[in-house]
Amino acid sequence: MFMFNANTNVKVHWIGLTHTEMREQVSNLGQQHFRADQIYNWIYSKKINSFQSMANIPKSFRTTLSQTAGFHPLSLVKITGQDSSLTRKFLFELSTGEMIESVLMQEGNRTTACLSTQVGCAMDCDFCATAKMGFQKNLSVGEIVDQFLLLQQESVKKITNVVFMGMGEPFLNYERVIKAADLLNDPDGIDLGARRITISTVGIIPKIEQFTKESHRYKLAISLNGTTQDQRLQTMPIAKKYPLQMLMKAAKNYYETTKRFPTFEYVLMKNLNDEIADAENLIKLIGNLPCKVNVIPYNEIGGTYERPSQNRIKRFVNILHNAPFTVTIRWSKGTEIDAGCGQLAVNTGGVQL
Ligand code: SAH
């Protein structure tokens, strides 16, 4: 049997494999299916850390497993924030050397993991730090799910919610993100409720349509960040390819087909999209589409934009309170450790920030 070095040429990591894929791997190694069922349970339900902990698997097979495949596709490099902090940021290294970040947030009974889906991002939104890294690569299913498992290990409380709002554009890594969400959701494994998993997109219309057609139960969030095509274009180049009117149509169709409310995220930036007229335009734009609106006061990334004053934020939100949709303000957690929305960025592989 071919032996893989622990750090190089590892073809398979068990974390990230589906039940079916584990059965295939186990068959390839000359073992029966029930071994895959056991391994699946150890990894995703019991969340153990190595093949050696799989007590009901014969020692010889455990050794074969560890010689032929990797376990965690990620290694934890650094945690920023105290054990007791409500928000902590995690830096992980991929087996290919790139770095990504994830965030763990505690609020009341809710413990949320904010996961990355790509190394860097190609969308180039002007207000987002991840954009400054450029796009490096899509994460694998294992690299996405492992963020959850490693965060869970470091968390005293059980993670109750997952948001795909870390680095990257989830809908440009669609198949893997859905597969990762399915693994998080599987009642035989991690067992996180579908409505506790949110996928946030910059507005990739064909993928919103696919998501609608496939009728996934995960929550859909769309980053609006402006109320007119021109305003969106000022900060989000992708709006050129996927114009606002078509995006709103896709959101409407999502609601009409699935009867689920989309969430619109709106990063509030001083003097850019925080005027009274902007709030009024937002109400008009949404019309009678049942949805939620999540206002995110801009987090500093050292660029040209600024967070509006408390008064301007209040003024904007107060106008929205007259609208038929629900409005929430997301005061990003962890801005003091650059773990707020849009603040995730790592300098890897010689990429200049
Ligand atoms: N690419 C996806 C998910 C990642 S960003 C998307 O665009 O939705 C998650 C959220 O953070 C998005 O709504 C995005 O608009 C917002 N965001 C980005 N930069 C920000 C910043 N500097 N301050 C506050 N929110 C920001």
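The values are calculated or read from the model by the stated rules, or taken from the named source; none is laboratory data. What you see is a predicted model, and the numbers here were worked out from it, not measured in a lab. No Cβ is skipped: glycine too gets one built from the backbone with ideal geometry, and neighbour counts run over all protein chains shown.
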Filter region 337-348 for residues that are in a loop (DSSP other than H, G, I, E, B) and among the β-branched types (Val, Ile, Thr); the one that is modelled with the highest pLDDT is VAL346
I'd like to verify a number: residues in region 129-140 that are in a loop (DSSP other than H, G, I, E, B) and surrounded by fewer than 18 Cβ atoms within 10 Å (Cβ to Cβ), how many?
1
Please verify whether THR212 is touching a His at 6+ places or on another chain (Cβ under 9 Å) and assigned by TED's automatic domain parsing to the domain that holds ILE283, treating the condition exactly as stated.
no
Within region 277-307, the count of residues that are part of a loop (DSSP other than H, G, I, E, B) and surrounded by fewer than 17 Cβ atoms within 10 Å (Cβ to Cβ) comes to 8
Subset tally (residues that are assigned to a loop (DSSP other than H, G, I, E, B), touching a strand residue (DSSP E or B) at 6+ places or on another chain (Cβ under 9 Å) and more than 11 Å from the ligand (Cβ to nearest atom)) for region 157-192:
5
Within region 308-336, residues being of a type outside the set (S, T, N, Q), within 16 Å of the ligand (Cβ to nearest atom), surrounded by fewer than 19 Cβ atoms within 10 Å (Cβ to Cβ) and assigned to a loop (DSSP other than H, G, I, E, B) number 2
Single condition GLU143 does not satisfy, out of (1) more than 15 Å from the ligand (Cβ to nearest atom); (2) out of contact with any strand residue (DSSP E or B) (no Cβ under 8 Å at 6 or more places or on another chain); (3) touching a residue at least 40 places away in the same chain (Cβ under 8 Å); (4) assigned to a helix (DSSP H, G or I):
(2)
Do you know which residues across region 38-59 are surrounded by fewer than 18 Cβ atoms within 10 Å (Cβ to Cβ) and touching a residue at least 40 places away in the same chain (Cβ under 8 Å)?
ASN41, SER45, LYS47, ASN49
Please verify whether THR198 is more than 12 Å from the chain's Cα centre (by Cα), surrounded by fewer than 22 Cβ atoms within 10 Å (Cβ to Cβ) and within 15 Å of CYS114 (Cβ to Cβ), treating the condition exactly as stated.
no
Residues that are closer than 20 Å to TRP42 by Cα and either modelled with pLDDT under 95 or of a type in the set (A, V, I, L, M, F, W, C) (or both), drawn from region 186-206:
ILE190, LEU192
Residues being outside any loop (DSSP other than H, G, I, E, B) and surrounded by fewer than 19 Cβ atoms within 10 Å (Cβ to Cβ): count how many of those fall in region 71-96.
8
Please determine whether any residue of region 275-289 is out of contact with any Pro (no Cβ under 7 Å at 6 or more places or on another chain), within 12 Å of the ligand (Cβ to nearest atom) and at pLDDT 95 or above.
no
Could you please let me know if CYS121 is buried (at least 18 other Cβ atoms within 10 Å of the Cβ), in the same structural domain as GLY303 (by TED's automatic domain parsing), under 16 Å from the mean Cα position of the chain (by Cα) and in contact (Cβ under 8 Å) with a residue 24 or more places away in the chain?
yes
For region 111-128, which residues satisfy the criterion of being more than 10 Å from the ligand (Cβ to nearest atom), assigned to a strand (DSSP E or B) and within 23 Å of LYS240 (Cα to Cα)?
GLY120
Of residues in region 97-110 being surrounded by fewer than 24 Cβ atoms within 10 Å (Cβ to Cβ) and touching a residue at least 12 places away in the same chain (Cβ under 8 Å), the one nearest to the ligand (Cβ to nearest atom):
MET105
